[in-house]
Amino acid sequence: MTDDVIAQSVAEATIHAPVASIDLTDWVFTLTDSEYQACSHNHIAAAVTLTPEGKRMSINVERVGNLMVQHYVEDLAEPNRCRLVSLSDSIGPDISDRVAVVVVWAFTVDAIDSGTTKFTNNVEVRSAPGYLEALERHGVPFANASAAAQQAVSAHNAEETPLFARDIESKALAKRWG
């Protein structure tokens, strides 16, 4: 991972269910393709698999500015907080333009009161080896690429966060996690 942060966005939403009734790790690794697609008009597909080392992986395809193919591997997996790290393919604007970025997706739940929970969704995009060279080849300054990515990531996170929270809430109220 490099130190070049391309974009970062934090969004919050309220879940009308007790924090103890939520398991974020189970939620993300059991989220179906159709449930994922329902959480953003830019979500294309989702699936779950395992890495060769046996870690859980969520594979997501979505449009966040460019077409993104993400391979989120569990880094921290607890009921109240989860962090996934992906070496992602960013494709576009032409299908032959493909570069890797590192996406860190972290989300938490914190009790507001006995029946209400705050869901926080944090997305950070960092450059991966070859990213800066790809920008240079296309004559795109890092600041311009970062500004465009920041706008896309922030808009996407603002759309998906309340819809993720709604999905988590419905499962918590159905007592999916005990």
**Study point:** Single condition ARG126 does not satisfy, out of (1) part of a strand (DSSP E or B); (2) touching a Lys or Arg at 6+ places or on another chain (Cβ under 9 Å)
**Key:** (2)
Exercise for review: List every residue pair whose Cβ atoms sit under 9 Å apart, with the two residues 6 or more apart in sequence or on different chains, where the first one lies in segment 46-57 and is closer than 10 Å to HIS71 by Cβ and the second, anywhere, is assigned to a loop (DSSP other than H, G, I, E, B).
Suggested key: MET57/THR51
Check your understanding: Hey, does segment 77-87 have a residue that's on the phi > 0 side of the Ramachandran plot and touching a residue at least 24 places away in the same chain (Cβ under 8 Å)?
Key -> no
Point to revise | SER90 being modelled with pLDDT under 95, touching an Asp or Glu at 6+ places or on another chain (Cβ under 9 Å) and of a type outside the set (A, V, I, L, M, F, W, C) | key: yes
Check your understanding: In this structure, is GLU124 under 24 Å from GLU74 (Cβ atoms) and touching a His at 6+ places or on another chain (Cβ under 9 Å)?
Key -> no
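Just need a number here: residues in segment 123-147 that are under 18 Å from VAL69 (Cα atoms) and either within 15 Å of the chain's Cα centre (by Cα) or of a type in the set (A, V, I, L, M, F, W, C) (or both). Even if it seems obvious, please write down each step before you answer.
So in segment 123-147, the residues under 18 Å from VAL69 (Cα atoms) come out as 123-131, 134.
Next, from what is left, pick out any that are either within 15 Å of the chain's Cα centre (by Cα) or of a type in the set (A, V, I, L, M, F, W, C) (or both): 123-126, 128, 134.
Matching residues across segment 123-147 total 6.
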**Study point:** Answer residue from segment 94-129, given it is small (Gly, Ala, Ser) and without any contact (Cβ under 8 Å) to a residue 60 or more places away in the chain and is farthest from CYS39 (Cα to Cα) among those
**Key:** SER96
Study note, to complete from the structure: Residues in segment 1-24 that are at pLDDT 95 or above, surrounded by fewer than 19 Cβ atoms within 10 Å (Cβ to Cβ) and not charged (D, E, K, R) total 7
Check your understanding: Would you say GLY115 is on the phi > 0 side of the Ramachandran plot and surrounded by fewer than 20 Cβ atoms within 10 Å (Cβ to Cβ)?
Key -> no
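Only one residue in VAL73, VAL101 is of a type in the set (A, V, I, L, M) and farther than 18 Å from ASN121 by Cα, so which one is that?
Working: VAL73 fails: farther than 18 Å from ASN121 by Cα.
Selected residue: VAL101, the only one of VAL73, VAL101 that is of a type in the set (A, V, I, L, M) and farther than 18 Å from ASN121 by Cα.
The values are calculated or read from the model by the stated rules, or taken from the named source; none is laboratory data. These figures come from a predicted structure and were not determined experimentally. Cβ atoms come from the backbone with ideal geometry, glycine included; neighbour counts cover every protein chain shown.
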